[in-house]
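Okay, so here's the structure we're looking at.
The values are calculated or read from the model by the stated rules, or taken from the named source; none is laboratory data. Values in this document were obtained by computation on a predicted structure and should not be read as measured data. Cβ placement follows ideal geometry from the backbone for every residue including glycine, while neighbour counts extend to all protein chains displayed. The area values use the complete protein model at the heavy-atom level, side chains included, leaving out ligands, DNA and RNA. Shrake-Rupley method; radii C 1.70, N 1.55, O 1.52, S 1.80 Å.
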Amino acid sequence: MKKIAIFGSTGSIGSSLLKIIKQDKKEFRIELLTANKDYKKLIKQAKFFNVKNIIINDNNSFLIATKLLKNTNIKVFKNFDSLNKIFNMNKKIDYTMCAISGFQGLKPTLDIIKFTKTVAIANKESIICGWNLITKDLKKYKTYFIPVDSEHFSIWSLFDPKKNNLEKIYITASGGPFRKLPLKKFKNISIKDALKHPNWSMGKKITIDSATMMNKVFEIIEAKKIFNLDYNQLEILIHPKSYLHAIVKFNNGLSKLLIHDANMIIPIFNSIYYNTDKKLKSKNIDVDVLNNLNLKKIDNIRFPVIKILNKLNNKDSLFETVIVSANDKLVKLFLDNKIKFIDISKILLKICSITEFNKFRSIKPKNIDEISNLADYVSLKIDTMSV
């Protein structure tokens, strides 16, 4: 049986993975499930899959779960410092899915690498802000890495890293709900309108990022780091149907593209079965969509956050943490109805030009605390700004 752990099992990625495993329960033994607050769903998952270890970060939820599971064989832990009690470095588990959202996902990702043969990461913040720390541990503990974002999984699937023959990568963006909205109406965009993604069903934060196109800025940064490229080797193309996920151009004149339905089950399924011939039922190829991919260059006026990419250098730095934490804060302010939709882009670009933050362009992250402290500082700085 393949021994696995799922970090963030109550979220969309974790829940999707459990749906896959449900169809093949005899092949897997889940050693650990984790959640932040949703103890009810986590306990239900643990009982159904006969999981003996769970982690709940929220103190109140931890206390409730501990009481509810007092007379069971399920052990409840409060934080990821408990991994040493659950796992053994000399007997690595086979696979771990890291799907905790936000900065909270970085430390658990780093902590589990030594205990797992393969780590699949679906957390943008971990890769963007702590990639140099992750790669260091991947090499140290000889752990295999798989990206789970549909775009990055597509790229990962299309080439052999040993050949080092990538010339350019194109990732696609649907354009979100405002691809055709007249520019004069952007100042009146409501929260409800911004949460209406045309193709994907996602959480509120990432849906807003899709509407501003900030998610594509993040994906370009991720691709640059994961595949060890320069920013001039990466480009975004608008593709309204979300059917084509990536195009990879090689230096031998060949190009490859990868298509699949707008369903995260596909990259998740292939991440856990990547070295097998396991089959997944899927729809037939949509010839109509292929005949009209409708690829277009991205419009920097409609999506001004794309200009942030011009402010990045090719070396890992704490400046990426500035961008991620500022965006997190601004999206929250928008969802709390404290700023307008267009303010997210305006303030982000303003922050990128502040001298105080520019110094971080040349500072490489040394540890998690450095990243976390800077993220907190940026959030507090925005509170003092006139937004």
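List every residue pair whose Cβ atoms lie under 8 Å apart, where the two residues are 6 or more positions apart in sequence or sit on different chains, the first residue falls within region 358-369 and is farther than 14 Å from residue 128 by Cα, and the second residue, located anywhere, is of a type in the set (Phe, Trp, Tyr) and open to solvent by 50 Å² or more (accessible area, probe 1.4 Å).
none
I need a count of the residues in region 286-309 that are open to solvent by less than 40 Å² (accessible area, probe 1.4 Å) and in contact with a strand residue (DSSP E or B) (Cβ under 9 Å, 6 or more places away or on another chain).
Residues that pass the stated criteria total 6.
Residue-by-condition table, conditions (1) over 26 Å from residue 115 (Cα atoms); (2) touching a Gly at 6+ places or on another chain (Cβ under 6 Å); (3) not in a loop (DSSP other than H, G, I, E, B):
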{"site": "151", "(1), (2), (3)": "yes, no, yes"}
{"site": "156", "(1), (2), (3)": "no, no, yes"}
{"site": "162", "(1), (2), (3)": "no, no, no"}
{"site": "167", "(1), (2), (3)": "yes, no, yes"}
{"site": "172", "(1), (2), (3)": "yes, no, yes"}
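Only one residue in 166, 181, 234 is at pLDDT below 95, closer than 17 Å to residue 155 by Cα and of a type outside the set (S, T, N, Q). Which one?
It is 166.
Results for (1) open to solvent by less than 10 Å² (accessible area, probe 1.4 Å); (2) within 30 Å of residue 340 (Cα to Cα), shown as yes or no for each residue.
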{"position": "215", "(1), (2)": "no, yes"}
{"position": "237", "(1), (2)": "no, yes"}
{"position": "255", "(1), (2)": "no, no"}
{"position": "268", "(1), (2)": "yes, no"}
{"position": "278", "(1), (2)": "no, no"}
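From the list 271, 255, 242, exactly one residue is small (Gly, Ala, Ser) and without any contact (Cβ under 8 Å) to a residue 40 or more places away in the chain. Which is it?
The match here is 255.
Please note which helices (runs of 4 or more DSSP H) are completely contained in region 211-306 and include at least 2 residues that are more than 18 Å from the chain's Cα centre (by Cα) and of a type outside the set (Phe, Trp, Tyr).
Passing ranges, in order: 287-290.
Within the set of pairs 6+ apart or on separate chains, which have a first residue in region 52-71 that is part of a helix (DSSP H, G or I), a second that is at pLDDT 95 or above and crowded, with 17+ Cβ neighbours inside 10 Å, and C-beta atoms under 6 Å apart?
Partner pairs satisfying both residue conditions: 61/39; 62/56; 64/39; 65/39; 65/56; 65/76; 66/76.
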